Amino acid sequence: MKTSFFTLACVCLLNISNAQHNDLALLNENTLYHFKPSTLKKEASSMPSFHYFKTVYNTNTLAVVHKLEKEILSYNIKESRIYDNSEAASYQIKLKQQQAKALVTFNNQGTILSSKEVYQNVRVPYKLRLHIAKSYPEWALEKSTLKVSYNTISGLNKTYIITIKRKAHKKKLRLTV
């Protein structure tokens, strides 16, 4: 009786410890940024970069992405010391956060003409993870980068650069959303 109980306990402990080292990415609700969309839409509609907001806005945005987008939207080029209203010009501003950085181009009116944003180690959307899992069974996600490119003319382009690994082998995938 003691032996069977001890064996059962060991099997359960091994199973639990093995589950803790799973390389599959899972959805974590705590990383999503919850806010009132109506409030954000009212704030953004009065901004000169409302087109940027309409193009990049998504309710399922990760907190790190939303935080940088909000900083980009709230940046006022007219308060910058490099701003000169005497002639038409465009201004490039670099914004940096812990996992993200952006290069944003503004015009004289404060409208965002273009932006290039890079987010390191972001959660890959569920549908992409599922596609990768089906296409590359027994491969694990190692790291991910999200590159967002916005332009007033060409619109929005989101590309995930995902590194997957299996034993000593690595592959880099580029997936455009």
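Beta carbons within 10 angstrom, averaged per residue: use that to sort the peptides 100-109, 157-166, highest first.
Ranking, from highest mean packing down: 100-109, 157-166.
Would segment 26-176 count as rounded, prolate or oblate if I go by the C-alpha gyration tensor, calling it rounded below 1.5 in a/c and otherwise prolate when a/b exceeds b/c, oblate otherwise?
Note, shape of segment 26-176 comes out prolate.
Quick one: which residues, 5 or more positions from residue 113 or on another chain, have an amide H under 5 Å from its amide H? H modelled 1.01 Å from N in the peptide plane, none for Pro or chain starts.
The answer is 105, 106, 107.
With labels modelled as points extended 7 Å from the Cα through the Cβ direction, what inter-label distance (nm, one decimal) is found for residue 98 paired with residue 130?
So the two model labels end up 3.1 nm from each other.
Bear in mind these aren't lab numbers, they're just calculated from the coordinates by the rules spelled out. Only a predicted model underlies this, so the values are computations on that prediction, with no experimental measurement involved. Cβ: placed from backbone, ideal geometry, glycine included. Neighbour counts: every protein chain shown.
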